[in-house]
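Report on one structure; see the data block that follows.
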Amino acid sequence: MAGFWMELQAIDSYQVKLNGTFNTIDAKTLTMLYQPLMGTSSLALYQTLAAEVEENRLWTAESRSHMQLLSMLHVGLEELFEARLKLEGLGLLKVFMKDADDTREYVYEILPPLSPAQFFGDGLLNIYLFSQVGEKQFKRLRTFFSDKPLPANDYKEVTRSFQDVFETFKGTAIPPDVNHVASEVFQKSKPTVIQLDKKTFDFEAFYQMLSPQLITREQITPAVEQALVKMHTIYGASAEELVTYLYRALEPSGDIDLEYLRKIVRNGYHIETGRLPALSMKKSAPKEKIPEQSEPASDEEALQIYLENITPFQLLVDIADGARPAETDLKIVEEVMEQQQLPTPVMNVLIEYVLLRLDGKIARNYMMTIAAHWKRKKVQTAKDAMELAWAEHEKYKRLQEETKDKPTNYSRRGNGKKEVLPEWFDKETAEPTDSKMTNKEKQTLEEQVREIKEKLKKR
């Protein structure tokens, strides 16, 4: 998904709010009815966010970074963002955002799913579920969430009202202002029914085609309009086609049979295409393509592209050949990102640089000091970070050579000025790297670049 990193970074913080209370039926509805539509990643995200709110609370106690969420779900930032979008589109999540300096603060409001009755009568979600799981499983699911009704003919209601049970208040004390509540009181959750935007359907053309002798404007109720928008969204039916279908769904009483309308539109789509509609994410923008070059991208360019488009978590996974990074390393990276507020691409370069300098190790103080230096330098892109790291490395190499040639005056240039190195070059007690990369470092970098180029070719 193009540009997802423009809306979400691993260092962005978030809080979770529950929209009321949830029950066991909600959990079953999510797993059995929503999961086939949105996938396991979205379900895991929903359940994880909901679980972060403590029992008998509506809010999380404190903000968290998305880095923690990525680590817990074991996914990349793009997959997390896509899972979030699906929850939003299905009416299971509301997202609120506030800009804060170089980062963003999010509030994720968890919404309950539709009840099974609402879901199967939705006219949108139930159709996509039918297409996804097939007729046999669809009927099984409907049976699972159904039960025999109360035999009303055999019983009559004898429930007493409030006035039948309780006496009217006759006291003299003035009751407190019970309606004034400073905090938010728990309430039963209210599901969000998906409402499609009517602007996506050309109602002006539709009404012009409609014959007033057959169907009047008054017969097109808001419920009928919403059904037409859903049919247009699901099956791509045009205004002209829906007018024809509407005539067929007209009952002798003058009412429009919406169930029959949905059925004939679905059958028409199946006859024309030979398949049922599938729920797929909308591609708002095409993926940015890497400009084709007559020659392959250089190692530096390939690495730069890679570091600009990956999360620190996934970078550590790639470096470890798919293994989960050590919790201590993740904790250090998360702490550095939160304290120094470095952009994700810059953090990626820092991780690469520290690992190369320290022979595959991550040292907290060393990384934190470099991050602070780069923050002061206002480094914002992977390219800037790579250039700065390379410049400092070259400066270090030059001083190393001067140390060998002129041990008594190694720190001064010909103009008498002292060569200045950032303080972090002397912070680490580990053996400094040679002026040239070791064979192991070269091999590691070459393997990474080769893998990056293979990934770029597949885009």
Check: Can you name the residue in the range 189-214 that is of a type in the set (Val, Ile, Thr) and touching a residue at least 40 places away in the same chain (Cβ under 8 Å) and, of all such residues, is farthest from LEU258 (Cα to Cα)?
Finding: THR192
Next item on the list: Please tell me if TYR155 is out of contact with any helix residue (DSSP H, G or I) (no Cβ under 7 Å at 6 or more places or on another chain), in the same structural domain as LEU90 (by TED's automatic domain parsing) and not basic (Lys, Arg).
Entry: no
Notebook entry, point to check: If you take the residues in the range 194-238 that are among the charged types (D, E, K, R) and in a helix (DSSP H, G or I), which one is modelled with the highest pLDDT?
Noted result: GLU225
Next item on the list: Please verify whether the range 22-37 includes one or more residues that are of a type outside the set (S, T, N, Q), in a loop (DSSP other than H, G, I, E, B) and either touching a residue at least 12 places away in the same chain (Cβ under 8 Å) or touching a helix residue (DSSP H, G or I) at 6+ places or on another chain (Cβ under 9 Å) (or both).
Entry: yes
Notebook entry, point to check: Across the range 50-61, what is the total count of residues that are modelled with pLDDT under 85 and either on the phi < 0 side of the Ramachandran plot or touching a Pro at 6+ places or on another chain (Cβ under 8 Å) (or both)?
Noted result: 7
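The values are calculated or read from the model by the stated rules, or taken from the named source; none is laboratory data. What you are looking at is a predicted structure, and each value in this text was computed from that prediction instead of being measured. Virtual Cβ from ideal backbone geometry, glycine too; neighbours counted across all protein chains shown.
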